[in-house]
1. What number, in percent, do you get for the relative contact order of the chain if the mean sequence gap of Cα pairs under 8 Å and at least 6 apart is divided by its residue count?
2. What ranking, highest mean first, results for peptides 3-9, 51-57, 22-28 when packing means the other Cβ atoms within 10 Å averaged over each residue?
3. Calculate, for residue 22 and residue 133, the FRET efficiency according to 1/(1 + (r/R0)^6) with r their C-beta to C-beta distance and R0 25 Å; round to the nearest 0.05.
4. Cut-off 10 angstrom, C-alpha nodes, Gaussian network model of the chain. Which of 59, 12, 33 fluctuates the most?
5. Rounded to the nearest 500 deg cm²/dmol, what is the calculated helix-only ellipticity per residue at 222 nm for the chain, with -39500 (n - 2.57) per DSSP H run of length n ≥ 4?
6. Give the Rg/Rh ratio for the chain, taking Rg as the radius of gyration of the Cα atoms and Rh as the Kirkwood radius, to two decimals.
7. Compute the relative contact order of region 16-92 as a whole-number percentage, counting only Cα pairs closer than 8 Å that sit 6 or more residues apart in sequence.
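A short reminder: the numbers here are calculations on the coordinates, not readings from a lab. A quick note: this is a predicted structure, and the numbers were derived from the prediction, not measured. So basically every Cβ, Gly included, is an ideal-geometry build from the backbone, and we count neighbours across all protein chains shown.
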């Protein structure tokens, strides 16, 4: 598996509107996208440093993974995302090494990436997202 780099750090928040000002106006990181991913029950705001991104995640569904995370642990770092060249081969390699995956088939995530999550029990307690950038068609 080829890791390209750290794509972003996901931060669970109660309200993007309340927390975006810190990233955008205090730290002066450019907000490059705001997107809703309905099937994951989340709204996101992406702040791009030029060498990695911060993704704020706000639950739009009380049963979403972000809502459950915040109710158990409170707001804070939710996951790290590593960009990979080929997510299908990455998933295959992880499965061959008995790594526990949350989803064994890539799904569409924010900014059009194909994504899959590795369960924290296989990573020392950190939720790790893998993401493959889609090539323009």
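1. Value for the chain: 26 percent.
2. Numbers: 3-9: 15.6, 51-57: 19.4, 22-28: 12.0.
Put in order of decreasing packing, that is 51-57, 3-9, 22-28.
3. On the way: r = 27 Å, r/R0 = 1.08.
My answer for the efficiency is 0.40.
4. Comparing 59, 12, 33 in the GNM, the peak value goes to 33.
5. Working: 3 runs with 25 residues, N = 137.
Calculated from helices alone, the mean residue ellipticity at 222 nm is -5000 deg cm²/dmol.
6. Numbers: Rg = 14.7 Å, Rh = 15.4 Å.
Across the chain, the Cα-based Rg/Rh ratio is 0.96.
7. Values: 87 pairs, mean separation 15.0, N = 77.
About 19 percent, as a whole number.
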